[in-house]
Amino acid sequence: MSIYDVRAETKGITSNVKKIMEDKAVSIVTLSNETKLSTKIIERARTDKIKLCKLETLAIIAKGLKVKVKDLFSE
């Protein structure tokens, strides 16, 4: 299995980060300050590029938003 096969299989993954942040009234800058992650990483997690984020990064974002990692995305 190549990376291209994996990317093809993950096309259905969508990010819930933007909605969670809106529901909790958390800005990109606030979450960045809370998690010590760059705003660019937070912005990536808010889009379909979430599948490029490392699990460790998603865990940090989830902790900052006080949700479970599995809540950050849906298939």
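The values are calculated or read from the model by the stated rules, or taken from the named source; none is laboratory data. Everything numeric in this text was worked out from a predicted model, so none of it was measured. Here Cβ is always computed from backbone atoms with ideal geometry, including for glycine, and neighbour counts include all displayed protein chains.
Some points to look at:
- Residues within the range 9-30 that are surrounded by 12 or more Cβ atoms within 10 Å (Cβ to Cβ), in a loop (DSSP other than H, G, I, E, B) and at pLDDT 95 or above, tallied: 4
- The single condition from (1) surrounded by 12 or more Cβ atoms within 10 Å (Cβ to Cβ); (2) more than 9 Å from the chain's Cα centre (by Cα); (3) not small (Gly, Ala, Ser) that LEU72 fails is (2).
- Residue count for the range 33-43, restricted to those that are closer than 16 Å to MET21 by Cβ and either modelled with pLDDT under 95 or in a loop (DSSP other than H, G, I, E, B) (or both): 2.
- Taking each residue of the range 63-75 that is among the polar types (S, T, N, Q) and looking for partners that are not in a strand (DSSP E or B) with beta-carbon atoms closer than 8 Å, six or more apart or interchain, yields SER74/ILE13; SER74/ASN16.
- Evaluated against (1) outside any helix (DSSP H, G or I); (2) modelled with pLDDT under 95, ILE50 falls short on exactly one condition, (1).
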